[in-house]
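Structure, as structure tokens:
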Amino acid sequence: MNRKTMLIPISLGTVKSFLIKGDKNILIDTGYPGNASRILKELSANSVSQHDVNLILITHSHHDHFGSALELRERTGAKVAVHRLEVEALGLGVNKDLSPYGIKGRFATLFSSKKPKTAGIVPDIIIDQNISLEEFGVKGKVISTPGHTSGSVSVILDNGEAIVADLIMGQFVIRGAPDYPFYVYDISALRQSIKKVMALRPTKIHVSHGGPFDPEDIVRRFHKDLG
């Protein structure tokens with residue numbers, strides 16, 4: 001059918017999910033526990049019924065990204081995909097790799113927990129490195145972008161848009177210039193992942209907290225660290 005790909009951010013307060021509409025529909029991340037009905041309402045507002053979701057992709061295993069995954073799988077029937085290094089944490093319902101970075105990261109740790117806050121979920125699809133989204137009805141791919149967590153992934157669409165989740169975040173969470181995330185499992189890996197994304201020449205970079213950003217915003221903020 002070859003429908004034009006559309007990327008629609010779904011605001012859930014301080015975090016976002018993303019709806020990708022193509023020949024079929026993909027949901028990227030599911031927000032906190034209790035966000036399922038809100039997400040389904042936004043899907044309906046964009047002419048997507050709950051049974052028209054073909055895939056739920058979890059970018060990494062933090063509560064604000066997979067909290068409603070189990071409920072949404074039950075209500076949509078969609079398969080859930082996550083990187084293999086995130087499978088254990090997702091199954092236990094816990095935050096993975098909560099390693100604070102900088103003063104803001106240490107402050108955020110006061111409000112985070114490694115204890116289960118939601119039901120765990122066993123994924124239907126386990127990602128190793130890169131996968132094409134063509135079979136799920138969207139022109140694009142999932143790439144491995146570790147750094148925030150060891151198994152974080154990003155989505156690169158053929159239309160030039162990228163979803164990098166928490167690889168980068170807004171300086172003040174919901175607004176401001178791009179910055180490093182509050183939690184960084186491996187700063188060297190994170191910088192290499194940003195380089196990897198930028199080497200693919202995205203036209204727009206969508207993040208889960210704040211943004212979106214133009215490529216120039218990323219280059220301006222990170223050029224000293226990235227070389």
### Task
Consider only pairs whose beta carbons are under 7 Å apart and that are at least six residues apart or on different chains; among these, list those whose first residue lies in the stretch 214-227 and is within 15 Å of SER193 (Cα to Cα) and touching a residue at least 24 places away in the same chain (Cβ under 8 Å) and whose second residue is assigned to a helix (DSSP H, G or I) and charged (D, E, K, R).
ASP225/ARG191; LEU226/ARG191; LEU226/LYS195
### Query
Does the stretch 34-50 contain any residue that is closer than 22 Å to GLY137 by Cβ, of a type outside the set (Ser, Thr, Tyr) and touching a residue at least 60 places away in the same chain (Cβ under 8 Å)?
no
### Task
Please list, ordered by first then second residue, the pairs with beta carbon atoms under 7 Å, 6 or more apart or interchain, first in the stretch 180-200 and aliphatic (A, V, I, L, M), second surrounded by fewer than 18 Cβ atoms within 10 Å (Cβ to Cβ) and in a helix (DSSP H, G or I).
ILE194/LEU226; MET198/PRO215
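Suppose we filter the stretch 40-63 for residues that are under 14 Å from the mean Cα position of the chain (by Cα) and surrounded by fewer than 24 Cβ atoms within 10 Å (Cβ to Cβ); how many remain? Lay out the reasoning, then the answer.
Within the stretch 40-63, the subset under 14 Å from the mean Cα position of the chain (by Cα) is 55-63.
Of the ones still in play, those that are also surrounded by fewer than 24 Cβ atoms within 10 Å (Cβ to Cβ) are 55, 63.
So the count comes out to 2.
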## Note on the structure
Restricted to the stretch 13-39 and to residues being of a type in the set (S, T, N, Q) and surrounded by fewer than 18 Cβ atoms within 10 Å (Cβ to Cβ), the residue nearest to the chain's Cα centre (by Cα) is THR14
### Summary
Scanning the stretch 71-99 residue by residue, the ones that are more than 19 Å from GLY151 (Cβ to Cβ) and either among the aliphatic types (A, V, I, L, M) or at pLDDT below 95 (or both) total 2
### Query
What is the number of the single condition among (1) farther than 19 Å from ARG73 by Cβ; (2) touching a Leu at 6+ places or on another chain (Cβ under 9 Å) that THR14 does not meet?
(2)
### Summary
Going through the stretch 1-12 in order, the residues found to be over 21 Å from PRO202 (Cα atoms) and crowded, with 20+ Cβ neighbours inside 10 Å are LEU12
### Query
Out of the residues in the stretch 126-172 that are in contact with a strand residue (DSSP E or B) (Cβ under 6 Å, 6 or more places away or on another chain) and surrounded by fewer than 14 Cβ atoms within 10 Å (Cβ to Cβ), which is farthest from ILE20 (Cα to Cα)?
GLN129
### Summary
Those residues of the stretch 77-86 which are buried (at least 18 other Cβ atoms within 10 Å of the Cβ) and either touching a helix residue (DSSP H, G or I) at 6+ places or on another chain (Cβ under 7 Å) or not acidic (Asp, Glu) (or both) amount to ALA78, VAL80, ALA81, VAL82, HIS83, LEU85
## Note on the structure
Residue pairs qualifying under the 8 Å Cβ cut-off, at least six apart or on distinct chains, with the first in the stretch 12-23 being closer than 16 Å to VAL164 by Cα and touching a residue at least 40 places away in the same chain (Cβ under 8 Å) and the second being among the aromatic types (Phe, Trp, Tyr) and surrounded by fewer than 24 Cβ atoms within 10 Å (Cβ to Cβ), are VAL15/TYR32
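The values are calculated or read from the model by the stated rules, or taken from the named source; none is laboratory data. For clarity, every value in this text was computed on a predicted model and none was experimentally measured. Here Cβ is always computed from backbone atoms with ideal geometry, including for glycine, and neighbour counts include all displayed protein chains.
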